[in-house]
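Engineer: Mind looking over this structure? Questions follow.
The values are calculated or read from the model by the stated rules, or taken from the named source; none is laboratory data. What you see is a predicted model, and the numbers here were worked out from it, not measured in a lab. Cβ: placed from backbone, ideal geometry, glycine included. Neighbour counts: every protein chain shown.
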Amino acid sequence: MVMYIRHRPSCVQKTTVQARNETVADNVNARWNGQFSCYDLVAKTLARLRTIVQVGDIAIGGDEFVVMAGPCAVESERQVLDTAESVAKAGARILRGGAYKPRSSPYSFQGMGVEGLKILSKARDLTGLAIITEVMSEMDVDVVAEYADIMQVGARSMENFSLLERLGTCGRPVLLKRGMTATLEDLLRSAQLIAASGNPDVILCERGIRTFETATRNTFDVAAVPVLKTVCHLPVIVDPSHAAGVRSLVPVLARAGVVVGADGLLVEVHPQPDKAASDGEQSLTFAQFDSMMLDLEPYINLRPTADRLYAAAGGLD
Ligand code: PEP
Ligand code: MN
């Protein structure tokens with residue numbers, strides 16, 4: 001009988017491997033050093049201030065503010081192609097769309113699987129947009145990596161450690177969403193695991209956390225962005241759609257994300273949100289996405305100022 005021994009990368013254990021004063025976290029807040037500096041592959045140090053994740057000609061974590069938009073789920077070729085064309089025209093660089101869907105009910109639409117991946121890939125060919133799509137299981141990593149440019153790990157999978165380890169060798173950047181009840185430390189532990197498993201190209205995503213508040217689907221943790229940008233060198237984006245749960249709040253939360261220094265957005269857009277198979281209430285129409293992009297423009301142009309604000313708070317430079 002063959003025995004398999006699973007190896008966990010040793011650096012995932014919580015030991016402070018950075019000397020004090022070596023991490024930016026320690027220079028800003030001594031307590032953060034203890035909390036975050038042990039994740040040595042992702043912790044921001046003076047020698048490693050930022051990581052730029054390159055996806056074709058798109059640099060995530062650099063000077064460009066990168067918008068990823070599209071439906072919650074891939075439902076049909078027409079739906080995806082129309083959305084891709086519309087969001088590309090409005091300035092999005094990356095098309096989102098779930099082919100494998102984690103649903104709260106086993107009776108809800110579960111996604112189109114490989115057929116959905118093929119539709120996304122056709123949309124990339126037609127529009128030049130890169131593709132981001134969720135991978136839920138280790139078993140699907142190879143097939144998703146064949147079609148996707150970025151592998152999305154959903155909030156419910158943030159602590160699926162065997163999936164994260166497997167993504168270490170998938171050959172694609174990973175967008176890691178914050179779990180619904182995960183602390184920022186938990187999020188960085190998962191990011192460290194992907195990096196320690198061989199993949200340094202990780203993008204973090206704040207998508208709202210579960211609190212006692214019920215007016216919104218989740219509570220958008222706006223402070224997560226400057227904290228993560230201070231203690232970690234990875235790009236950080238925000239997902240205002242899953243944070244809000246209602247489309248009327250999406251543009252203003254997106255604006256907040258830009259102002260606090262996010263590197264990009266992940267937004268749900270649907271040709272007919274009322275007919276969407278999932279997350280229609282929080283999906284923007286094409287026209288609403290267009291006006292959100294126009295509304296964001298002056299805030300995006302102010303981003304260097306946001307960086308300076310950061311520096312004033314001790315976060316950068
Ligand atoms: C999604 O992006 O459609 C999704 C399922 O998001 P989350 O994992 O953040 O709930
Ligand atoms: Mn969704």
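Engineer: Filter the range 58-88 for residues that are closer than 18 Å to GLN272 by Cβ and in a helix (DSSP H, G or I) and give the result.
Structural biologist: GLU77, ARG78, GLN79, VAL80, LEU81, ASP82, THR83, ALA84, GLU85, SER86, VAL87 - these are the residues of the range 58-88 that are closer than 18 Å to GLN272 by Cβ and in a helix (DSSP H, G or I).
Engineer: Do you know which of the residues in the range 107-156 that are in contact (Cβ under 8 Å) with a residue 24 or more places away in the chain and at positive phi is nearest to ligand 2 (Cβ to nearest atom)?
Structural biologist: Out of the qualifying residues, it is GLY111.
Engineer: Consider LEU184 against the criteria (1) touching a strand residue (DSSP E or B) at 6+ places or on another chain (Cβ under 8 Å); (2) more than 15 Å from ligand 1 (Cβ to nearest atom); (3) at pLDDT 95 or above; (4) within 21 Å of GLY61 (Cα to Cα): it satisfies all of them except one. Which criterion is unmet?
Structural biologist: LEU184 satisfies all of (1) touching a strand residue (DSSP E or B) at 6+ places or on another chain (Cβ under 8 Å); (2) more than 15 Å from ligand 1 (Cβ to nearest atom); (3) at pLDDT 95 or above; (4) within 21 Å of GLY61 (Cα to Cα) except (1).
Engineer: Sticking with this one: Restricting to the range 90-108, name every residue that is under 17 Å from SER283 (Cβ atoms), away from ligand 1 (no atom under 12 Å from the Cβ) and surrounded by fewer than 24 Cβ atoms within 10 Å (Cβ to Cβ).
Structural biologist: Answer for the range 90-108, where residues must be under 17 Å from SER283 (Cβ atoms), away from ligand 1 (no atom under 12 Å from the Cβ) and surrounded by fewer than 24 Cβ atoms within 10 Å (Cβ to Cβ): just ALA90.
Engineer: Please find, among GLU22, GLU77, the residue that is modelled with pLDDT of 80 or more and more than 16 Å from ligand 1 (Cβ to nearest atom).
Structural biologist: After applying the criteria, what remains is GLU77.
Engineer: Now, a different point. Between a residue in the range 83-106 that is touching a residue at least 40 places away in the same chain (Cβ under 8 Å) and aromatic (Phe, Trp, Tyr) and any residue that is away from ligand 2 (no atom under 14 Å from the Cβ) and not in a helix (DSSP H, G or I), which pairs come within a Cβ distance under 7 Å, given they are 6 or more apart or on different chains?
Structural biologist: TYR100/GLY113; TYR100/VAL135
Engineer: Which ones in the range 235-258 are in contact with a Ser or Thr (Cβ under 8 Å, 6 or more places away or on another chain), within 16 Å of ligand 2 (Cβ to nearest atom) and part of a helix (DSSP H, G or I)?
Structural biologist: SER241, ALA243, ALA244, ARG247, LEU249, VAL250
Engineer: Got a number for residues in the range 195-234 being within 16 Å of ligand 2 (Cβ to nearest atom) and in a loop (DSSP other than H, G, I, E, B)?
Structural biologist: Qualifying residue count, the range 195-234: 7.
Engineer: List the pairs whose first member sits in the range 37-59 and is farther than 28 Å from LEU129 by Cβ and surrounded by 15 or more Cβ atoms within 10 Å (Cβ to Cβ), whose second member is among the basic types (Lys, Arg) and modelled with pLDDT under 90, and whose Cβ atoms are under 7 Å apart, counting only residues at least 6 apart or on separate chains?
Structural biologist: CYS38/LYS14
Engineer: Name the one entry in VAL269, VAL202, VAL238, VAL231 that is at pLDDT below 95 and crowded, with 24+ Cβ neighbours inside 10 Å.
Structural biologist: Answer to the check: VAL231.
Engineer: Also, I was wondering about something else. Could you list, ordered by first residue, the pairs with Cβ atoms under 7 Å in which the first is in the range 286-315 and more than 18 Å from PRO273 (Cα to Cα) and modelled with pLDDT of 95 or more and the second is buried (at least 16 other Cβ atoms within 10 Å of the Cβ) and basic (Lys, Arg), at least 6 apart or interchain?
Structural biologist: ASP295/ARG255; LEU296/ARG255; TYR299/ARG255
Engineer: Going residue by residue through the range 137-147, is there one that turns out to be crowded, with 17+ Cβ neighbours inside 10 Å, part of a loop (DSSP other than H, G, I, E, B) and within 16 Å of ligand 1 (Cβ to nearest atom)?
Structural biologist: No: the range 137-147 contains no residue that is crowded, with 17+ Cβ neighbours inside 10 Å, part of a loop (DSSP other than H, G, I, E, B) and within 16 Å of ligand 1 (Cβ to nearest atom).
Engineer: Residue under question is LEU193, and the condition is that it be touching a Pro at 6+ places or on another chain (Cβ under 8 Å) and within 16 Å of ligand 1 (Cβ to nearest atom); does it hold?
Structural biologist: Spelling it out, it is not the case that LEU193 is touching a Pro at 6+ places or on another chain (Cβ under 8 Å) and within 16 Å of ligand 1 (Cβ to nearest atom).
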